1. List, in order, the whole-Hz ³J(HN,Hα) value for each residue of the range 285-293 obtained from phi through the Karplus relation with A = 6.51, B = -1.76, C = 1.60 and θ = phi - 60°; use x for Gly and Pro.
2. Compute a Gaussian network model of the chain, connecting alpha carbons closer than 10 Å, and tell me which residue from 18, 199, 287 fluctuates the most.
3. Please report the relative contact order for the range 60-160, taking Cα pairs under 8 Å with a sequence separation of at least 6, and give it as a percent rounded to a whole number.
4. If you put +1 on each Lys and Arg Cβ and -1 on each Asp and Glu Cβ, how big is the dipole of the range 1-142 around its Cα centre, in Debye rounded to 20?
5. First compute the accessible area of the range 5-224 with a 1.4 Å probe, then give the percent of it belonging to carbon and sulfur atoms.
6. Treat the range 35-139 as a sphere of radius equal to its Kirkwood radius over Cα pairs and apply Stokes-Einstein at 25 °C in a medium of 0.890 mPa s; give the translational diffusion coefficient in µm²/s, rounded to a whole number.
7. Considering Cα pairs under 8 angstrom that are at least six residues apart, work out the relative contact order of the range 1-62 and quote it in whole percent.
8. Just need the relative contact order of the range 5-224 here, percent rounded to a whole number, with Cα pairs under 8 Å and 6+ apart.
Amino acid sequence: MTDSAVIEVSDLRHSYSSVEALRGVSFSVPRGSFFALLGPNGAGKTTLVHALCTLLRPSAGHVAVAGLDVRRAPRDVRRTLGLVFQEPSLDDRLTVFENLVFHARIYQVPRRQRRERAWAVLELVELQEWANAPAGNLSRGMKRRLEIGRAMLHEPSLVVLDEPTTGLDVQSRRRIWEYLERLQRDYGVTLLLTTHQISEAEGADLVAIIDRGELQALDCPSTLRQRIGRKLINLQIRDESFRQSLSERFTGRCTQRDTVLQIEADDPDELLRELVADEERWTMVDSLEIVDPSLEDVFINLTGRELRDRTADGMR
Ligand SMILES: Nc1ncnc2c1ncn2[C@@H]1O[C@H](COP(=O)(O)OP(=O)(O)OP(=O)(O)O)[C@@H](O)[C@H]1O
């Protein structure tokens with residue numbers, strides 16, 4: 001393991017009876033970085049995260065967190081981790097403050113520091129005024145903020161967030177992102193986030209694209225976008241035979257989403273000149289735009305499928 005890596009995964013494999021959920025995944029995450037694991041439902045993200053968090057014993061391969069082997073030192077690994085999972089995990093009957101103190105006790109934070117740390121994280125996620133309210137009275141977004149604060153109580157070096165904004169409204173999501181950025185910037189914490197939402201991965205230092213249990217790519221978002229190299233032309237064409245003929249001409253460099261045909265072009269201007277010159281066909285083009293590739297385009301390019309395909313509006 002390199003000194004600067006907080007997570008080191010090599011040739012990780014896991015099967016649930018006949019389902020191969022992870023098929024030999026390897027990567028490392030530098031200390032202090034924001035790492036996003038992007039993939040559709042069923043890609044293997046949760047299996048990977050559970051192996052990292054010692055919640056699952058992988059079939060084969062090696063995982064180390066902060067230099068500790070997850071098989072040999074699971075307790076020590078858990079102490080270096082802050083966890084925020086999809087399912088709510090607060091005790092609704094306890095107050096906000098009691099939830100924090102209880103967690104601090106479980107994580108063996110020294111007794112005299114528990115209350116002080118609890119106030120510090122309440123301040124971090126701006127929930128001081130709610131300290132004495134039952135956790136059950138909080139909104140969904142506030143509960144998630146409290147869970148993020150709670151994950152920081154024992155001062156972990158890595159915070160793992162499994163789809164932390166699923167089911168939250170736009171405003172709550174934005175707020176959660178502010179806190180996560182603060183954790184990374186002010187506390188030097190490494191963030192590992194799993195998501196199937198492209199927008200959440202765009203701001204990461206490093207993005208791993210996972211599909212069907214395999215890592216398809218691993219790089220910073222800008223480098224991933226550059227992999228496509230070419231510009232993309234989005235053409236909305238109402239005539240199916242025209243769409244068909246362009247699809248055949250640009251086989252392998254063309255994707256269709258409803259009536260929009262997306263073509264990877266080495267020289268977009270040349271293609272446009274040609275389209276405009278054919279008057280009859282040009283009238284069939286309802287709209288046209290030239291865009292830089294997005295992470296979603298990278299995903300389609302790598303897997304031949306849309307990330308959204310298996311989700312409903314990006315939410316479950
Ligand atoms: N307990 C289990 N038993 C059998 N198969 C499982 C089990 N858990 C996951 N799988 C299968 O393993 C594969 C990977 O699932 P996993 O939950 O890791 O993916 P994911 O990327 O986290 O998806 P999601 O975003 O839906 O949670 C899927 O095909 C899934 O159906």
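The values are calculated or read from the model by the stated rules, or taken from the named source; none is laboratory data. Note that the structure is predicted; figures quoted are calculated from it, not measured. Neighbour counts are summed over all protein chains in view; Cβ atoms, including those assigned to glycine, are modelled from backbone coordinates with ideal geometry. All accessible areas refer to the heavy atoms of the entire protein, side chains included, with ligands and DNA or RNA removed. Shrake-Rupley method; radii C 1.70, N 1.55, O 1.52, S 1.80 Å.
1. For the range 285-293, the Karplus-derived couplings read 8, 7, 7, 8, 8, 10, 10, 7, x Hz, x marking Gly and Pro.
2. The residue with the greatest mean-square fluctuation here is 18.
3. On the way: 120 pairs, mean separation 40.6, N = 101.
Worked out over the range 60-160, it gives 40 percent.
4. Here the size comes out at about 460 debye.
5. Carbon-and-sulfur percentage of accessible area, whole number: 45.
6. 153
7. 39
8. Values: 425 pairs, mean separation 65.3, N = 220.
Relative contact order, the range 5-224: 30 percent.
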